[in-house]
């Protein structure tokens, strides 16, 4: 029995058919990856390693929460030696002047144009971290702490500042208009009573002093706990990363190396089902190392697959964290996956560059041409030769 392979000088296989056959092959491989990865998760989550890592994370998380609950922040500024704490007196004065200026701006008061307020910035989350911490940070991040019910305990703080009588409780921390006017008058006239200004500055200065002391006491502890927490999470995440990569490589070798060698002539499962086959550039049967080269290229081009696996198996916040975890010093899933997706697109677009043979970049590297399987088999019986069409086999 002889097998004859007939191809034209220009490959008659349509790019559309080639694309959906490649897509079907990929989807089957991806489904296999999903099954293996969920199997890994089921086994891993019952292992002693996972139990130990989870316990370490839980302990670090609780310790970190304890520090966060009791730690305050204060303002920073840039100086010639780098970032440093601002003195509490300066924080207090800047706060008072900034609040007066903000009130005048809000009320359209022309006194906002006074030279007193030259280069003054309205105090907000960007330039007053103490205000930000009290009014924003703890509230927004309440759900991240295991002791969430204890994270927002501002009664003592609010009571302390309200005792001065110069703050509008409905619009904290902006001072009421009367207080702002009184402070402004003091700023313009050193002979007038300074009681309002001194009271406001004293109240805020006291708060800032408490904040600085508390921050300095707790910052080193906080950083240490944060490092422990990050390290424990990173160890767990790397288990997922390496499992994803190993499962991906196994799946690719099964579907793009083992299967084509078993099915012969470099054909994948769907290439066989849709009657496609592979030849070399001279229309001769391919050899095993060409299949290996094509598989190696496809492994690189499809490296976005671990990203998809992670996306369907983890919640979005965990997914975002894991894809930026470094492995092997400088790689991360996001960078590798993004680059691989670009290669995948280029791999298919390359068929337009190789117009006659319609080769993908992987096939070009392996010197393989995918063609329509229009082969015939001939059987010689006595002096008579009978041709059997491929679709009748």
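Brief remarks on what is shown
- Of residues in region 1-46 being modelled with pLDDT under 85 and more than 26 Å from residue 354 (Cβ to Cβ), the one surrounded by the most Cβ atoms within 10 Å (Cβ to Cβ): 2
- Residue check for residue 225: in a helix (DSSP H, G or I), under 30 Å from residue 55 (Cβ atoms), touching a residue at least 60 places away in the same chain (Cβ under 8 Å) and touching a strand residue (DSSP E or B) at 6+ places or on another chain (Cβ under 9 Å): no
- Being at pLDDT below 90 and at positive phi is a description that does not apply to residue 233.
The values are calculated or read from the model by the stated rules, or taken from the named source; none is laboratory data. Small disclaimer: the values here were computed from a predicted structure and weren't measured. Cβ coordinates were reconstructed from backbone atoms using ideal geometry, including for glycine residues, and neighbour counts include every protein chain displayed.
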